[in-house]
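Remarks on the structure that follows.
The values are calculated or read from the model by the stated rules, or taken from the named source; none is laboratory data. This one's a predicted model, so the numbers in the text were calculated from it and none came from an experiment. Cβ coordinates were reconstructed from backbone atoms using ideal geometry, including for glycine residues, and neighbour counts include every protein chain displayed. When the accessible area is computed, the model is the full protein with side chains, heavy atoms only, and any ligands, DNA or RNA have been set aside. Shrake-Rupley method; radii C 1.70, N 1.55, O 1.52, S 1.80 Å.
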Amino acid sequence: MAFGRNKAVEPFEPMHWSEMTQFTVGRAMRYTFRKSKRGTGPHAIRFPRARGGDQYLVPGLYIVPAAGDASLSKAGFRLFEDEGGRHLLCSALPDGSDRYRVRDPHGQELGSVRRTPLSRRLTHQGLWLDPVGHPAVVARHNWARDGVRAAMGRGVGHAAESLLDSLVSFGDDGGSDSGAAPKPAVWAVETDGSEGQLGEAVLTLPRTGQFPRWYFVERDSRLDKRLAFALVVLRESKAFGADRR
């Protein structure tokens, strides 16, 4: 027996992108508190698998910058189903406005990932979705989920602090008071009803500030998962440096 020798990890069964309901973004190959034990691989959307008491982060979709070394938030990116880059799933490219247009392999637009307008960053996360032919999908900060009036009623100081956080990034995780436990970020369908009301929840980040940062997308949602993947890649890469992890 070769004590201490690193054994090659047998490959895991692939998962089709349409079956993914839990995923993270990054290069780490294993969930462990010690960075030296995580190992690194290609920048990818990854799903969890357990083996031998360890949790592995298995690549499901491979992230390729659209313009060499340019950041994903500036030049956009493409998602491939294989590491060799032969099977394109979708692209997310900026159009010069506040949008990243998400298109399928044939150039058909699926929708957009959009930067939240300045007028709404006081109460909303920094990125939202605009699917073609469907209502927008937005995420409110936790303290603002009862509507703008209620949010402002909780204190101008808190509102100003959250607005500053949103202006310098794509949006924080919607935490509450300092020292409080992290709260989930939830993207839900925007309705035409009364202020503060949202429809079906389609994408959730249950807890924040932990590794790995797992996102959950509803299995039976009408939202095209490729839009959810695009939003998360942009959000993680811009705000949390996932492409450098």
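A few comments on the model shown:
- On the stretch given as region 32-47, residues that are closer than 16 Å to TYR62 by Cβ and either free of Cβ contacts under 8 Å to residues at least 12 places away in the same chain or out of contact with any strand residue (DSSP E or B) (no Cβ under 9 Å at 6 or more places or on another chain) (or both) total 0.
- Tallying residues that are part of a loop (DSSP other than H, G, I, E, B) and either of a type in the set (Ser, Thr, Tyr) or in contact with a helix residue (DSSP H, G or I) (Cβ under 9 Å, 6 or more places away or on another chain) (or both) within region 7-56 yields 4.
- Of all residues in region 57-79, those being surrounded by fewer than 20 Cβ atoms within 10 Å (Cβ to Cβ), outside any strand (DSSP E or B) and not small (Gly, Ala, Ser) number 2.
- Restricted to region 222-236, and to residues there that are open to solvent by 10 Å² or more (accessible area, probe 1.4 Å) and out of contact with any Cys (no Cβ under 8 Å at 6 or more places or on another chain), the residue that is modelled with the lowest pLDDT is ARG222.
- Every pair of residues 6+ apart whose Cβ atoms lie under 6 Å, when the first sits in region 13-31 and is without any contact (Cβ under 8 Å) to a residue 12 or more places away in the chain while the second is outside any strand (DSSP E or B) and surrounded by 20 or more Cβ atoms within 10 Å (Cβ to Cβ): none
- When residues of region 18-44 are limited to those that are open to solvent by 40 Å² or more (accessible area, probe 1.4 Å) and of a type in the set (A, V, I, L, M, F, W, C), the one modelled with the lowest pLDDT: PHE33
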